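One structure below.
We did not get these values from a lab; they are worked out from the coordinates using the rules stated. All figures in this text were calculated on a predicted structure; none of them were measured in a lab. Ideal geometry is used to build each Cβ from the backbone, glycine not excepted, and the neighbour counts take in all protein chains shown.
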């Protein structure tokens, strides 16, 4: 795996926490009137953090294991909205969410960092993405991370627009 991607994955928990911390406290559960243009799933700041944790554990951990252990498995997409409802993201303890995510991401980086070249060539079919290799799956995870940093920045933009409406 190329070192920049592995380092980006390893650094992401700190970046996510910093982006989350930039959201004003009274806006952690706030949702805009419209989600048009959001670069991630349409989740509030706390829901974004929960989603990233759950996709890491219930999505990518399972996808990596199956791709390594099975012959060309079908990797299903996760219904993020249903998961958010079932796990009541709005009531989550954000400190626990981030602690769980840091542990999960450390496991991901350890797994990826310990693979040999041939393992990255293992194949799977990813629902919504099509055929892939384990290497491409790693890049999709990295891309997913970046979408959620962008989602938090997008929320900050909406928050500032909302605040500006009432400042004038």
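On a C-alpha basis, how far is the centre of segment 112-133 from the centre of segment 1-59 in Å? Whole number, if you could?
Here the answer is 24 Å between Cα centres.
Would you mind ranking 23, 4 by Cβ crowding within 10 Å, fewest neighbours first?
By the 10 Å Cβ count, ascending, the order reads 4, 23.
Just rank 163, 122, 102, fewest to most, by other beta-carbon atoms within 10 angstrom.
163, 102, 122
Counting other C-beta atoms within 10 Å, which of 116, 19, 72, 29 has the fewest, and how do the rest follow?
So the ranking, lowest neighbour count to highest, is 116, 72, 29, 19.
If you average the sequence gap of Cα pairs under 8 Å that are 6 or more apart and divide by the length of segment 14-93, what percent do you get for the contact order?
Result for segment 14-93 is 30 percent.
In whole Å, what are the Cα extents of the chain along the three principal axes, biggest one first?
60, 27, 26
For the chain, take the longest principal axis of its alpha carbons; what is the angle in degrees between that and the long axis of helix 134-167, to the nearest 10 within 0 to 90?
Between the helix axis and the principal axis of the chain, the angle is about 0 degrees.
At 0.36 nm per residue, minus the direct Cα-Cα distance, what do residue 147 and residue 38 gain on full extension? Give it in nm, one decimal, please.
38.3 nm
Could you work out how far helix 45-54 tilts from the main Cα principal axis of the chain, as a 0 to 90 degree angle to the nearest 10?
With rounding to tens, the tilt is 10 degrees.
What is the spin-label model distance, in nm, from residue 26 to residue 81 if the labels are put 7 Å beyond Cα along the C-beta direction?
Here the modelled spin labels are 3.0 nm apart.
Take the Cα radius of gyration of segment 114-168 and divide it by 2.2 N^0.38 Å, with N its residue count; two decimals is plenty.
Against the empirical 2.2 N^0.38 Å value, I get 1.86 for segment 114-168.
Using a Förster distance of 35 angstrom, determine the FRET efficiency expected from the C-beta separation of residue 103 and residue 163, and round it to 0.05.
With a Förster radius of 35 Å, E is 0.50.
To the nearest 10 degrees, how steep is helix 3-21 against the longest Cα principal axis of the chain, on a 0 to 90 scale?
Tilt of helix 3-21: around 20 degrees.
Say we join alpha carbon atoms closer than 10 Å with springs in a Gaussian network model of the chain; which of 51, 148, 139 then has the biggest fluctuation?
For the chain, modelled as a Gaussian network with Cα springs under 10 Å, the answer is 139.
For segment 55-160, what does the relative contact order come out to in percent, with C-alpha contacts under 8 Å and a separation of six or more?
Rounded, it is 34 percent for segment 55-160.
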